[in-house]
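Asks: Structure provided below as structure tokens; questions to follow.
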Amino acid sequence: MDDGDWRTAFEGAEEVGNTFASPPVLSGRNLSRLHVDDRGGNVAVAMGFDFRVSSEDAPQEWVEQQFNAFEVSLEFTRVQDLRIDGWAGEPDCRVAFSKNPRGSVDVRMSGTGEHISFTAERARISRFRAYRASAAGH
């Protein structure tokens with residue numbers, strides 16, 4: 001699976017699928033959030049992406065509410081083989097998700113001076129919401 005169809009790897013992708021005919025591309029997208037929690041012996045990784053959307057590409061209900069952006073948050077649990085080599089703070093990286101033969105999700109993010117990889121037994125979209133972003137993009 002390429003990142004153009006990343007949503008097939010995630011539980012809870014129905015809302016994204018019902019909103020967009022094709023999912024937003026994650027490749028080259030800066031992560032808005034990355035959180036690694038290794039407390040209690042169980043590793044979890046959460047990451048988020050923010051997108052701008054034009055009124056031509058937005059669902060009508062978003063246009064009516066003047067929403068021009070949306071966020072997608074992904075949650076990975078039962079994470080194994082976590083490796084972080086370099087971190088740029090706002091990585092401009094290629095993101096790839098794939099289902100392996102065991103049914104787990106392999107995640108690979110790499111860019112200049114950074115590489116993050118892990119395998120998760122469970123992957124889900126934990127948040128999908130539209131909002132009105134300021135002109136400055138925040």
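Rule-based calculations on the coordinates, nothing more; no lab input. Since the structure is predicted, the reported quantities are computational estimates derived from the model, not experimental observations. For neighbour counting, all protein chains shown are included, and Cβ atoms are generated from backbone atoms with ideal geometry for every residue, glycine included.
Asks: I need the fraction of alpha carbon pairs in the chain separated by more than 20 Å, rounded to a whole percent. Kindly include the intermediate steps, with their values, before the conclusion.
Replies: On the way: 4471 of 9453 pairs.
Counting every Cα pair in the chain, those more than 20 Å apart make up 47 percent.
Asks: Between THR8 and GLN80, what FRET efficiency comes out of the Förster formula 1/(1 + (r/R0)^6) with R0 = 22 Å and r the beta carbon distance, rounded to 0.05?
Replies: Result of the calculation: an efficiency of 0.55.
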